[in-house]
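The values are calculated or read from the model by the stated rules, or taken from the named source; none is laboratory data. This one's a predicted model, so the numbers in the text were calculated from it and none came from an experiment. Reconstructed Cβ throughout: ideal geometry from the backbone, glycine too, with neighbour counts over all protein chains shown.
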Amino acid sequence: MGSKTKTLPHRREIPVESRWRLEDLYHSTADWEGELKKVHELCEQIPDYKGRLGEGAGVLKELLRLEERISRLTERIFVYARMKRDEDNGNDQSQEMADRAQALAARVGTVTSFILPELMALPEKTIDSYLEADTELSVYRHYFDDLIRKKKHILSPEEERILALGSEVTQAGEDVFSLFNHADLKFPLIKDAEGEEVELTHGRYLGFIESRDRRVRKEAFTGLHQTYRKFRNTLTATLNAGVKRDIFYTRVRRYSSALEAALDGDNIPTQVYDTLIATVRENLPILHGYLEVKRDLLGLDELHLYDLYAPPVGDYEAKIPFEKGKALILEGLKPLGADYCALLEQAFAHHWIDVYENQGKTSGAYSWGCYDGHPYLLLNYQDTGNDLFTLAHELGHAMHSAFSNKTQPYVYAQYPIFLAEIASTVNEVLMVFHMMETARDDQERLYYLNHFLEHFRATVFRQTMFAEFEKILHEQVEKGGALTPGWLEEEYVKLVRAYHGPKVAVDEEIAAEWSRVPHFYYNFYVYKYATGFCAAVALVRSFREQGQAAIDRYIQFLKSGGSDYPLAILKKAGIDLTEPQPIIDAMFTFDRLVKEFTGRKEVKSE
């Protein structure tokens with residue numbers, strides 16, 4: 001549908017059956033208004049508990065229940081308003097609702113800000129006595145254990161208030177970069193594959209760098225990176241501000257390093273980060289071999305960085321309308337069992353998904369929702385192979401949320417970000433193998449094999465390279481060094497050469513790539529993409545080798561939410577990321593498929 005439409009339709013022109021049903025959250029705007037008013041009223045009760053948490057288990061239980069009620073209502077109010085805006089960002093009413101929901105969330109955060117410091121001020125023996133005195137509080141045992149674990153990093157109420165007041169200031173580096181990158185930065189005109197001059201943009205770059213026309217790839221690559229390099233001093237300053245922000249909070253909260261501070265929220269030892277980098281480094285020869293194969297398939301004497309995303313498998317293009325995509329997913333994810341597939345059926349039948357692009361709709365794709373409602377998926381489906389995998393990916397998030405919300409109490413329903421990409425990637429890997437196994441001919445099979453290998457390269461190898469660069473950045477500042485344009489470019493190019501190997505031509509423009517990566521402002525986030533992908537590949541391998549027992553452990557993983565620390569939850573599913581084995585297992589799968597790609601053999605499943 002969407003792929004054939006030259007002019008985007010208005011929201012009202014999208015068929016009802018292709019839209020999500022937000023009425024499942026609120027029947028009307030009036031209902032939403034009523035709950036928003038209710039939360040404001042409930043917020044008036046919170047200050048009554050200030051300074052009273054030492055009075056006994058009963059007072060604590062009352063406050064926790066009140067806070068949970070406010071949080072659940074606020075979550076639903078916020079999710080509904082933001083998704084209404086995402087339907088059409090040009091709708092004034094939806095914009096106003098989203099702004100009011102944001103203001104409500106800010107008020108809730110302000111009135112409840114005393115709770116955490118007060119809890120931290122209570123002696124551990126007092127908290128233990130509360131949990132023993134009231135069995136209804138026992139559900140909070142892990143919650144309090146985690147608070148106690150972090151206690152030495154929580155400051156006094158007044159110091160926490162000051163840090164909260166300064167959050168907008170310390171965010172300035174990332175904010176300036178974001179505005180510059182998305183609003184002010186302009187790229188040159190280049191000639192597309194038809195020879196017509198078009199303006200290079202962020203969105204068009206993705207298409208150009210995957211073009212079958214090498215001239216287009218090179219012009220896009222050169223134009224983009226040369227533009228960033230013109231602003232190397234400004235972008236060094238914004239990145240420096242982001243790194244110094246991380247180090248400021250590290251020292252204020254008494255951590256030994258920015259890396260330790262960033263990982264402590266999920267109780268992840270820095271060993272996991274270091275193991276990822278070391279294990280990927282050891283397996284770089286596999287990547288180098290793959291890139292040589294890709295060079296040969298592309299018929300090039302020399303593989304340049306602007307060739308990395310070029311499709312090496314002929315002219316095959318997948319065409320998968322949404323209805324066909326649904327059927328493929330229901331078939332491809334059958335190994336996960338009847339309960340899982342029943343939830344997938346619900347998602348398709350009960351309007352969890354907003355399928356097609358329309359004027360003003362938020363771009364990209366996501367899965368979102370709240371505890372007191374089913375998950376929702378936003379798509380901009382264009383009938384391509386990539387759209388099929390995006391649908392599978394977002395459904396993985398949605399199923400994770402649905403299982404967790406159904407099984408866990410509110411306090412533990414939200415799974416940690418460290419685990420978030422695993423369920424989505426498990427779905428993608430299962431779907432890739434399914435599509436390869438059912439391919440009608442060699443070209444189609446190679447298309448899906450190439451998709452997997454490229455996804456692995458970009459998510460595991462590339463994101464680990466980013467993670468290593470991020471660690472180098474912070475260590476440079478922590479030891480008193482400076483971030484200068486020359487130093488950043490030199491360090492980045494060293495990594496590019498190491499990761500891509502001696503047979504790839506490292507174009508000088510790549511020295512500017514560090515300056516365009518927004519994730520370097522996210523405080524050690526990117527490593528989670530790589531660990532999540534490796535864990536997912538290792539899990540799928542366990543499904544194939546161990547059968548139902550491994551699948552049962554995985555479904556329990558989906559049901560666990562945040563009821564334990566993420567490494568412990570994952571370990572119960574059979575994956576221990578404190579050891580290199582899951583990454584080695586993932587590399588084994590990659591290496592095997594590279595060999596099959598090399599020989600252009602029939603692809604067999606794990």
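Structural remarks
- Residues in region 373-425 that are small (Gly, Ala, Ser) and within 30 Å of Arg445 (Cα to Cα): Gly385, Ala392, Gly396, Ala398, Ala420, Ala423, Ser424.
- For Lys494, the criteria (1) under 22 Å from Gly289 (Cα atoms); (2) in contact (Cβ under 8 Å) with a residue 12 or more places away in the chain hold in every case but one, which is (2).
- Checking Lys150 against (1) within 27 Å of the chain's Cα centre (by Cα); (2) under 24 Å from Gly369 (Cα atoms), the condition it does not meet: (2)
- Test: Ala511 is in contact (Cβ under 8 Å) with a residue 24 or more places away in the chain, touching an Asp or Glu at 6+ places or on another chain (Cβ under 6 Å), more than 25 Å from Tyr447 (Cα to Cα) and in a helix (DSSP H, G or I): yes
- Of all residues making up region 367-385, the number that are more than 17 Å from the chain's Cα centre (by Cα) and either outside any loop (DSSP other than H, G, I, E, B) or of a type in the set (Lys, Arg) (or both): 2
- Qualifying residue in region 519-530 (condition: in a helix (DSSP H, G or I), touching a Lys or Arg at 6+ places or on another chain (Cβ under 8 Å) and not polar (S, T, N, Q)): no
- Within region 98-114, being within 22 Å of Glu44 (Cβ to Cβ), out of contact with any Phe, Trp or Tyr (no Cβ under 6 Å at 6 or more places or on another chain) and not charged (D, E, K, R) holds for Gln102, Ala103, Leu104, Ala106, Val108, Gly109, Thr110, Val111, Thr112, Ser113, Phe114.
- Applying the set (1) in a loop (DSSP other than H, G, I, E, B); (2) touching a residue at least 60 places away in the same chain (Cβ under 8 Å) to Ala193 leaves exactly one unmet item: (2).
- Hey, Leu577 assigned to a loop (DSSP other than H, G, I, E, B) and under 21 Å from His400 (Cβ atoms) or not: yes
- Where a residue in region 363-388 is closer than 27 Å to Gly207 by Cβ and its partner, wherever it lies, is among the hydroxyl-bearing types (Ser, Thr, Tyr) and surrounded by fewer than 17 Cβ atoms within 10 Å (Cβ to Cβ), with Cβ under 7 Å and at least six apart: Leu378/Tyr366; Asn380/Ser363; Gln382/Ser3; Asp383/Ser3
- Taking the criterion of being exposed (fewer than 14 other Cβ atoms within 10 Å of the Cβ), touching a helix residue (DSSP H, G or I) at 6+ places or on another chain (Cβ under 8 Å) and over 27 Å from Phe248 (Cα atoms), the residues of region 466-504 that qualify are Ala498, Pro502, Lys503.
- Failed item in (1) surrounded by fewer than 18 Cβ atoms within 10 Å (Cβ to Cβ); (2) within 30 Å of Asn181 (Cβ to Cβ), with Ser256 passing the rest: (2)
- Taken over region 153-190, the residue count meeting the criterion of being surrounded by fewer than 16 Cβ atoms within 10 Å (Cβ to Cβ), of a type outside the set (Asp, Glu), assigned to a helix (DSSP H, G or I) and within 26 Å of the chain's Cα centre (by Cα) is 9.
- Unique residue being more than 21 Å from Leu137 (Cα to Cα), among the hydrophobic types (A, V, I, L, M, F, W, C) and in contact with a Ser or Thr (Cβ under 6 Å, 6 or more places away or on another chain) when the list is Leu391, Leu377, Leu395: Leu377
- Per-region count, region 264-296, residues touching a helix residue (DSSP H, G or I) at 6+ places or on another chain (Cβ under 6 Å), over 30 Å from Tyr447 (Cα atoms) and crowded, with 19+ Cβ neighbours inside 10 Å: 1
- Selection of region 516-540 for residues being closer than 20 Å to Leu308 by Cβ and either surrounded by 24 or more Cβ atoms within 10 Å (Cβ to Cβ) or in contact with a strand residue (DSSP E or B) (Cβ under 6 Å, 6 or more places away or on another chain) (or both) yields Ala530, Phe533.
- Residue under evaluation Leu378, criteria (1) modelled with pLDDT under 95; (2) of a type in the set (A, V, I, L, M, F, W, C); (3) surrounded by 20 or more Cβ atoms within 10 Å (Cβ to Cβ), criterion not met: (1)
- Applying the criterion of at least 3 residues that are without any contact (Cβ under 8 Å) to a residue 60 or more places away in the chain, under 29 Å from the mean Cα position of the chain (by Cα) and surrounded by fewer than 14 Cβ atoms within 10 Å (Cβ to Cβ) to the helices (runs of 4 or more DSSP H) found wholly in region 19-128 leaves 92-111.
- Filter result (touching a residue at least 60 places away in the same chain (Cβ under 8 Å) and either among the basic types (Lys, Arg) or not in a helix (DSSP H, G or I) (or both)) within region 224-240: Arg229, Phe231, Arg232
- Count of region 576-593 residues which are more than 18 Å from Ala278 (Cβ to Cβ) and either crowded, with 18+ Cβ neighbours inside 10 Å or in contact with a His (Cβ under 7 Å, 6 or more places away or on another chain) (or both): 2
- Filtering Tyr255, Tyr306 for residues that are assigned to a helix (DSSP H, G or I) and aromatic (Phe, Trp, Tyr) leaves a single hit, Tyr306.
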